[in-house]
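The values are calculated or read from the model by the stated rules, or taken from the named source; none is laboratory data. Since the model is a prediction, treat every value here as computed from it, not as a measurement. FYI the Cβ positions are ideal-geometry reconstructions off the backbone, even for glycines, and counts take in every protein chain you see.
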Amino acid sequence: MKTIFVATDFSAASHNAAKYAVEMANALQARILLFNAYQVPLSIPESYVLVTPSEVKTAAEAYLLDEVVSLRKKSMYPIEILAAEGNATDAILHQAEKYTDCLLVVGMKGDGKKTRNVFGSTASGLARKSNLPLLIVPENAVFRTIKKIALASDINFETDLSTIDALKEVGMSFNSKIYIVRVLKNNLNIVDELAYRSNRIIGKLKPLEAEYKFPRSADVTKALQDFSEDYNIDLMTVIPQHHNLLERVFIKSETRQLIFHAYIPLLILPEKIKHSNNQSTSLQQQQS
């Protein structure tokens, strides 16, 4: 990845995400761009106070520069800033998608109702709309060498394996062990699963060490959280699939739950599907 694009609202959660992104950038040899989406407040005639867009932008850039100062000592690569007016989700995507080979990073504070309705909605909106890999960093997550990665796999034969390119790049940078985790309902047989699922994912992830795991549970979210704790996972990865209109609107339910209950960073990879001409297209693009 050439660019790590960090969306910030200047909260403690966003600051922690920026610190995490700096460590990622050092390992991936990538530059960092800090971005803030601002909105110009409506003037109230009785107050005789008028705030111009340029003043709001200048203030946002000043906050961004303060953030750069606090991060610069840890960063081995350049940190750039950018502020633009607009709705958070739309402005973030509009700017981030201008960069090739880009990882989008956003912070997440807890799982409270207020957070879900404010910046949490930005995180889930990005997960729903983004064609870029998205890393969601919980407020209390502390960066550590990414030794173990879990890929929550529901990959089928239509999924183009370029979907997991970003995961492979992260794994290669840290020489990570990767667990391909397929949560099975009680009526599914592991032998049948292995027969149905080819080794193409493991082949794609070479020369990294990859291994299948098949925890059983009716609750996918809890199973993944338990697996993360039992195996000391440093990064959880999911590929939300958008098979119908309902899932296009709400993402896959397990992904939404993981966004708000994760205690370790969550990497969301937009699914791409194969075509007969060997080209791949993201499902977001296909359904737009």
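Quick one: which of GLY107, GLY86 is under 20 Å from VAL170 (Cβ atoms) and touching a residue at least 24 places away in the same chain (Cβ under 8 Å)? Quick ask: steps written out before the conclusion?
On the way: GLY86 fails: under 20 Å from VAL170 (Cβ atoms).
Matching residue, one of GLY107, GLY86: GLY107.
So PHE119 clears everything in (1) modelled with pLDDT under 80; (2) of a type in the set (Phe, Trp, Tyr); (3) not assigned by TED's automatic domain parsing to the domain that holds LYS19 except one condition, right? Which one?
Going through the list (1) modelled with pLDDT under 80; (2) of a type in the set (Phe, Trp, Tyr); (3) not assigned by TED's automatic domain parsing to the domain that holds LYS19, PHE119 breaks only (3).
If you scan segment 62-99, which residues turn out to be in a helix (DSSP H, G or I) and either among the polar types (S, T, N, Q) or not assigned by TED's automatic domain parsing to the domain that holds SER124 (or both)?
SER70, THR89, GLN95
Only one residue in SER153, SER162 is of a type in the set (Gly, Ala, Ser), at pLDDT 85 or above and either assigned by TED's automatic domain parsing to the domain that holds LYS274 or within 18 Å of the chain's Cα centre (by Cα) (or both), so which one is that?
On inspection, the qualifying residue turns out to be SER162.
Take the residues in segment 218-232 that are surrounded by 14 or more Cβ atoms within 10 Å (Cβ to Cβ) and among the aliphatic types (A, V, I, L, M); name whichever of them is farthest from LYS148 (Cα to Cα).
Per the stated criteria, the residue is VAL220.
List the helices (runs of 4 or more DSSP H) inside segment 195-288, counting only whole elements, that have at least 2 residues being at pLDDT 60 or above.
Here the list reads 200-204, 220-230, 253-261.
Out of the residues in segment 165-194 meeting the condition of being assigned to a loop (DSSP other than H, G, I, E, B) and more than 28 Å from GLN29 (Cβ to Cβ), tell me which one is modelled with the highest pLDDT.
ARG182
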